[in-house]
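Below is one structure, written out as structure tokens, with a few remarks after it.
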Amino acid sequence: LQAYERRFPTCPLIPMFVASDTVNEYKSEDEAIHVIERRCKLDIDAPRLLKKIAGVDYVYFVQKNSLNRRERTLHIEAYNETFSNRVIINEHCSYTVHPDNEDWTCFEQSASLDIKSFFGFESTVEKIAMKQYTSNIKKGKEIIEYYLKQLEEEGITFVPRWTPPVACKSESSTSHPRRPVSPAINIPESATKEGLNNKEILNSSSSPSEPTAGTPDDKLDADYIKRYLGDLTPMQESCLIRLRQWLQETHKGKIPKDEHILRFLRARDFNIDKAREILCQSLTWRKQHQVDYILDTWNPPQVLQDYYAGGWHHHDKDGRPLYVLRLGQMDTKGLVRALGEEALLRYVLSINEEGLRRCEENTKVFGRPISSWTCLVDLEGLNMRHLWRPGVKALLRIIEVVEANYPETLGRLLILRAPRVFPVLWTLVSPFIDDNTRKKFLIYAGNDYQGPGGLLDYIDKEIIPDFLGGECMCEVPEGGLVPKSLYRTAEELENEDIKLWTETIYQSASVFKGAPHEVLIQIVDASSVITWDFDVCKGDIVFNIFHSKRAPQPPKKDSLGAHSITSPGGNNVQLIDKVWQLGRDYSMVESPLICKEGESVQGSHVTRWPGFYILQWKFHSMPACATTNLPRVDDVLASLQVSSHKCKVMYYTEVIGSEDFRGSMTSLESSHSGFSQLSAATTSSSQSHSSSMISR
């Protein structure tokens, strides 16, 4: 405070501060209160023309300083006297003692600017005010340090604390002294909206924080900080205290531990307002979905335990828990089809909850704060089956939920044996990952992880998994294809009242001999991309794509008509009228694709013309042997499997703009052009700019 007082009547470090005169002063009898009001003369750095139009060379401000030695606070208020009918400027500053550490000073500053009119130069005045205010903020700390150093040079390194006169001492003051705490200053909402807000160290509320269950009583004890939180600056620690106290006062429910609150603060660079917003959203989400009890009340389905190729595996060199994910060996499509998106999401949440628990355990074991884990992702085996659009949509939703509710929990991500198809996957996924998280990614192609700067830099040799050439047996499931017998239909999932992504994406259809199933897609912009994904659940079918300039007649609703058949196994819709002629009324834009029972087909078609496109699934009749009139043995056996000349497909289609299609993982055309060897079988047509991939 003595250093601050030396700024008056003038300050050489503030050239625009020309002079100041005391206009009013008050001191209490015990000298605990000292209020001084000054009229300050400022030489604003403004264009000469503007000063001439305004008719002034200097601007005058009134500043009121209120020092309370008893409470150890200094409050400063300032407002403009010049042009007060045209421009209103208000500034508030406060110096207070930190409620939990008396060696710290909290400084808070805010200001508001309201320009009603100024000779048509409103925007210029606003820029000048912002420039001057910003430069003053930057110089504030420098000025205080300058005068502190000046005091030290004069031999003043300690100023005794104010004590009341003997006659004024109360009975309570002779006992254990209470720590004085000043109330938090309410910042005007208008000041925040104006954007003129500078907080170096945020003041906390009027009472010290109460201890949170499960953590030491002295929240700011140096040993506690070092042991559980890590290195924190005074500002960061103050933000943590303030946010925790706010939660204790306003939040009804379980208060997260300091380590978890700190994650949200770090995720928003210790912007307390932004951190509070996302933390409150996360706490509400946790309560709605009972996430706090997921480890105790939810058991993963057996399919996940058998085919989800991921699990915890010791720890890295920094003591972080290590999670191993063999993504290349995992049948993501099979898992989504067998379980649905919600079950997968719940499983990922349980993994994150287990990660938080392991971080706490490792903090106790290693004697230092461990708040994040390391994830090792092995992409050996990644192929086109993983580039399945509904599966990727589920992945993006999972990433979104984890990013919002588990910030700063990923310490490092090691991606090993990345194949050439990986850049396509990364292009689509990376925009949904926070910038701070992306910086923690380390990607190794081929066997690069075995060289310098590789896996040994982060994981001890003794715990490198055996499938990566190490000696440690890894108990992570090997994954593999999920049997189609475990797949569920949309009807089955709906009966179980499970909200799944596949409920809205996949549709089932029946295909009869002489009654194909057809889907109409209207294209307005040429060069759009039609994508499809379907499974042949029963029988063999022929897949075709047709184009017509005119819209077909809508299907009839009568169940006995030839255009629409409804069956328990799915709908059957026919759009191409029997009087239409191929080549006259509609044309074929793709070569017919024969698909066998049990096959999964993904493909895309770049449209050349606007109009109406028809996707058709048609019953496939077995041809006789070419050299004899007798059918082949394979054909006879296959025909026996098709009962009543009926086939069944589950399909999903989507239209994508060409600008969104190029280079994305949904583009099997672009993927096949560079990674065709990854497909089990590929059928492409260069004339129609399309491709399809079959996986068995």
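The values are calculated or read from the model by the stated rules, or taken from the named source; none is laboratory data. If you're wondering where the values come from, they're calculated on a predicted model, not measured in any experiment. Heads up, the Cβs are rebuilt from the backbone with ideal geometry, glycines too, and the neighbour counts pull from every protein chain shown. Calculation scope for accessible area: heavy atoms of the full protein, side chains included, ligands and nucleic acids excluded. Shrake-Rupley method; radii C 1.70, N 1.55, O 1.52, S 1.80 Å.
Structural remarks
- Filter result for residue 255 (of a type in the set (Val, Ile, Thr), assigned to a helix (DSSP H, G or I) and either in contact (Cβ under 8 Å) with a residue 24 or more places away in the chain or open to solvent by 40 Å² or more (accessible area, probe 1.4 Å) (or both)): no
- So residue 68, is it polar (S, T, N, Q), within 28 Å of residue 241 (Cβ to Cβ) and open to solvent by less than 60 Å² (accessible area, probe 1.4 Å): yes
- In region 107-124, the residues that are in contact with a Leu (Cβ under 8 Å, 6 or more places away or on another chain) and either under 22 Å from residue 62 (Cα atoms) or among the basic types (Lys, Arg) (or both): 108, 110, 111, 112, 113
- Boolean, residue 249 is modelled with pLDDT under 50, open to solvent by 30 Å² or more (accessible area, probe 1.4 Å) and out of contact with any strand residue (DSSP E or B) (no Cβ under 7 Å at 6 or more places or on another chain): no
- Whichever residue in region 73-106 is out of contact with any Leu (no Cβ under 9 Å at 6 or more places or on another chain), in contact (Cβ under 8 Å) with a residue 40 or more places away in the chain and assigned to a strand (DSSP E or B) and, among such residues, is least open to solvent (accessible area, probe 1.4 Å): 97
- The set of residues in region 411-468 that are charged (D, E, K, R), in contact with an Asp or Glu (Cβ under 9 Å, 6 or more places away or on another chain) and open to solvent by 70 Å² or more (accessible area, probe 1.4 Å) comprises 461, 462.
- Checked against the criterion of being assigned to a strand (DSSP E or B) and either closer than 29 Å to residue 507 by Cα or without any contact (Cβ under 8 Å) to a residue 24 or more places away in the chain (or both), region 325-342 contains one or more residues that satisfy it.
- Residue match in region 26-44 (condition: hydrophobic (A, V, I, L, M, F, W, C), part of a loop (DSSP other than H, G, I, E, B), in contact with a strand residue (DSSP E or B) (Cβ under 6 Å, 6 or more places away or on another chain) and modelled with pLDDT under 90): yes
- Qualifying residue in region 273-286 (condition: buried (at least 18 other Cβ atoms within 10 Å of the Cβ), touching a Leu at 6+ places or on another chain (Cβ under 7 Å) and outside any loop (DSSP other than H, G, I, E, B)): yes
- Remark: pairs (first residue in region 371-387, without any contact (Cβ under 8 Å) to a residue 24 or more places away in the chain and at positive phi; second residue surrounded by fewer than 21 Cβ atoms within 10 Å (Cβ to Cβ) and among the basic types (Lys, Arg); Cβ separation under 8 Å; 6+ apart in sequence or on different chains) are absent.
- Screening residue 296 with (1) of a type outside the set (Phe, Trp, Tyr); (2) touching a residue at least 12 places away in the same chain (Cβ under 8 Å); (3) farther than 26 Å from residue 457 by Cα gives one miss only, at (2).
- Check on residue 240, at pLDDT 50 or above, out of contact with any Phe, Trp or Tyr (no Cβ under 7 Å at 6 or more places or on another chain) and either open to solvent by less than 20 Å² (accessible area, probe 1.4 Å) or not basic (Lys, Arg) (or both): yes
- Any chance residue 332 is β-branched (Val, Ile, Thr) and open to solvent by 20 Å² or more (accessible area, probe 1.4 Å): yes
- All conditions in (1) open to solvent by 30 Å² or more (accessible area, probe 1.4 Å); (2) assigned by the TED database to the domain that holds residue 232 hold for residue 267, with the sole exception of (1).
- Of 361, 408, 403, all but one fail to be touching a helix residue (DSSP H, G or I) at 6+ places or on another chain (Cβ under 9 Å), assigned to a helix (DSSP H, G or I), of a type in the set (D, E, K, R) and surrounded by fewer than 22 Cβ atoms within 10 Å (Cβ to Cβ); the exception is 403.
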